[in-house]
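Structure first, then comments.
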Amino acid sequence: MDGQQGGHNAFDNSSAENVVQAGIVNGGVHVNSARPPLANLSPQAAASQLVTMKPGDAADALAASPYRTALLTVLLADHEAAAVGLLADMERAVAHDLVNALPSPPDWLDGLLTAAAGFANTSLGRARSKLRRAETSPQGSTGFSRDYEHGRAYWSANTQFQSVSRPFLDVHDRRRGTAGPLGFPTRDPLWAYTEDNADGLLLQRFEGGVIYESTPPLVVRDPDGALFERFGFPTGEETGLGTFFDDVKGTFQPFERGTAYWVDNVALVREGGSSVLFGVRKP
């Protein structure tokens, strides 16, 4: 019969991605279509199978594979997002051993192993996504993020762990997240007050600016707080000067105690009837 050779299965030791074993059972053909062990597959086929498994089973299978270094190399090259999630959810010692065995690990893997423990201990509720790489910020920071019931956590070597919840998260997402001008968050939300607003506003600082929880939320490119200290809360969005002056390229933004005009990234701030050179805004 096809598939029978001398009482042994002709498909044993097959390296195909799916193995079909045939045998005689009660006079008929019994077919076993179970997937073969990862060790019987090429690294590419094993990696493709690994990413379809449940996370816990996949992590165990990767750690137990006799070819785990080759398998992890293929995962990083062809299935990076899955590799990040697997390493993040492993026991720290096992993940470190796997990464240290790689001949040329990417630089960002050290950050992943540093960050993984913190992502498991946030106050944002249950995780709703796997840990993933965040896009590089305009300020040059690289790191990771993970979604939770009540917001998103970020980590980068430059900013460490920070959490972003709504409405700050919605504004940050609309401005392209970490890849946009705001970059990574640099601290948790805090309350601020001015002489003109004793009730205060909640704000959160990012690498490239500040989001204020006003109605609607407003963004100021003022990461060090210098504009706030001098001119208070923003009272409107930053707007292109071209709206009013076609021959001038720049922007302006109103504040409680003045208006900031940016032309060629130099801030000219009007206080009362005078204008003063205030500083340089980074691109």
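Heavy-atom accessible surface of the range 49-92, averaged per residue, reaches 48 Å², computed with a 1.4 Å probe. The label point for Ala127 and the one for Arg257, both projected 7 Å from the Cα toward the Cβ, are 4.6 nm apart. For Asp188 and Ala39, the difference between the fully extended length at 0.36 nm per residue and the C-alpha to C-alpha distance is 49.0 nm.
Multiplying the sequence separation of Asp107 and Glu149 by 0.36 nm and subtracting their Cα-Cα distance, what value in nm do you get?
Numbers: separation 42, 0.36 × 42 = 15.12 nm, distance 3.01 nm.
Separation in residues times 0.36 nm, less the Cα-Cα distance, equals 12.1 nm.
In the range 64-128, inverting the average of 1/r over every pair of distinct C-alpha atoms gives 12.5 Å as the Kirkwood radius. For the pair Glu135 and Glu195, label points projected 7 Å from Cα toward Cβ lie 4.2 nm apart. Between Thr215 and Ala93, the modelled label-to-label distance comes to 5.6 nm, taking each label 7 Å out from Cα in the direction of the beta carbon.
On a 1.4 Å probe surface of the protein chains, which of Thr122, Thr194, Thr142 comes out largest in accessible area, and what is the full order? Walk me through the intermediate numbers first.
Details: Thr122 45, Thr194 20, Thr142 70 Å².
Sorted by accessible area, descending: Thr142, Thr122, Thr194.
Remark: the Cα gyration tensor places the range 57-167 in the prolate category, a/c being 1.5 or greater and a/b exceeding b/c. Using R0 = 51 Å, the C-beta based FRET efficiency linking Asp78 and Leu241 works out to 0.60.
The values are calculated or read from the model by the stated rules, or taken from the named source; none is laboratory data. Please read these numbers as outputs of a predicted model, since none were measured by experiment. As a convention, Cβ positions derive from the backbone with ideal geometry for all residues, glycine included, and neighbour counts pool all protein chains shown. Heavy atoms of the whole protein, side chains included, go into the accessibility calculation; ligands, DNA and RNA do not. Shrake-Rupley method; radii C 1.70, N 1.55, O 1.52, S 1.80 Å.
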